[in-house]
Amino acid sequence: MNFYIADTHFYDKKCLGYDGRPFIDVDSMNDAMIKNWNKAVGADDTVYVVGDFSFGMGGDLMSVAERLNGHKILVRGNHDNGSDLKYAFEEVYDYLELVTEDGLVVMSHYPISSFRDMQKGGTVHIYGHVHNSYEAKICSDVYTRLEKIKNYRIEAYNVGVMQPYMNYTPRTIPELRILTRQYPLDFSH
């Protein structure tokens, strides 16, 4: 199975406050995300990390990556740099399009207001970067307006870990389709 997640920010103390993450410190955040990941993802599954995996480098980055189940593919975000990435991930991209049983999946760390075949339906855009910020609200508004004004069938998901439907856990597209209907977006952080 294919799973998607973004903005894990392992070892990033700033994200505890910025996102209002419910952890007392970075170690408890890292441990909870690793536990959630391994509970959801099996050894033969693939997880597409759509940017900002970690603020840790070298040993930190590798120690987390080695503890996570599945095949790990990175679509690089603005905080993903350094040569250590090639050891933590099987593949590293800046942008990725993938044909899956769920349709064409367009992955970019950054939200895209116009992505390939978005007007036709059957294309899923997976992104992160905007957390629960004002920019996240703007992205949601753009997709909603395009659906109403242009009658597009847009399927775009912010897979940042802090989203209530993500709950610090990698998700499949079928899960996202269900969970995003159950949880209202919260842009208060």
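The values are calculated or read from the model by the stated rules, or taken from the named source; none is laboratory data. Everything quoted here is computed from the prediction, not taken from an experiment. Here the Cβ positions follow ideal geometry from the backbone for every residue, glycine too, while neighbour counts run over all protein chains shown. These accessible areas exclude ligands, DNA and RNA; they are computed on the full protein's heavy atoms, side chains included. Shrake-Rupley method; radii C 1.70, N 1.55, O 1.52, S 1.80 Å.
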*Between 71, 105, 32, whose Cα lies farthest towards the positive end of the dipole of the chain when Lys and Arg beta carbons carry +1 and Asp and Glu beta carbons carry -1, centred on the Cα centre?*
105
_Nearest-ten-degree value, helix 134-150 long axis tilted from longest Cα axis of the chain_ = 30
*Mean ellipticity per residue at 222 nm, deg cm²/dmol - from DSSP H runs of n ≥ 4 across the chain, formula -39500 (n - 2.57)*: -9500 deg cm²/dmol
*Of all the accessible heavy-atom surface of region 49-94, with the other protein chains kept in place and a 1.4 Å probe, what percent is carbon and sulfur?*
45
*Suppose every K and R has +1 on its Cβ and every D and E has -1 on its Cβ; what is the size of the dipole of region 43-137 about the Cα centre, in Debye to the nearest 20?*
280
*Would you please classify the overall shape of region 89-189 from the alpha carbon gyration tensor, given that a ≥ b ≥ c denote the square roots of the eigenvalues, rounded means a/c under 1.5, and beyond that prolate means a/b larger than b/c while oblate covers the rest?*
rounded
*Dipole in debye (nearest 20) - region 11-81, about Cα centre, beta carbon charges: Lys, Arg +1; Asp, Glu -1*: 80
*Angle, helix 173-182 long axis vs. longest principal axis of the chain, Cα atoms, 0 to 90°, nearest 10?*
70
*Once Lys and Arg get +1 and Asp and Glu get -1 on their Cβ, which of 54, 3, 125 lies farthest toward the positive end of the dipole of the chain?*
125
*Mind running the shape call on region 1-95? Use the C-alpha gyration tensor, a ≥ b ≥ c as the square roots of the eigenvalues: rounded below 1.5 for a/c, prolate if a/b tops b/c, oblate otherwise.*
oblate
*Equivalent ellipsoid dimensions for the chain as semi-axes, Å, which come from the Cα gyration tensor, largest first*: 26, 19, 15
*Where does each of 1-11, 131-141 land if you order them by average Cβ count within 10 Å, highest first?*
1-11, 131-141
*Pairs of lysine in region 1-131 with Cα under 30 Å and at least 8 positions apart or on different chains: total?*
14
_Cα-centred dipole magnitude for the chain, charges only on beta-carbon of K, R (+1) and D, E (-1), debye, nearest 20_ = 640
*Find how many whole Å separate the alpha carbon centroid of region 116-180 from the alpha carbon centroid of region 1-59.*
19
*Prolate/oblate/rounded label for region 102-154 (Cα gyration tensor, a/c 1.5)*: oblate
*On average, how much accessible surface per residue is there in the chain, in Å², for a 1.4 Å probe, leaving out ligands, DNA and RNA?*
48
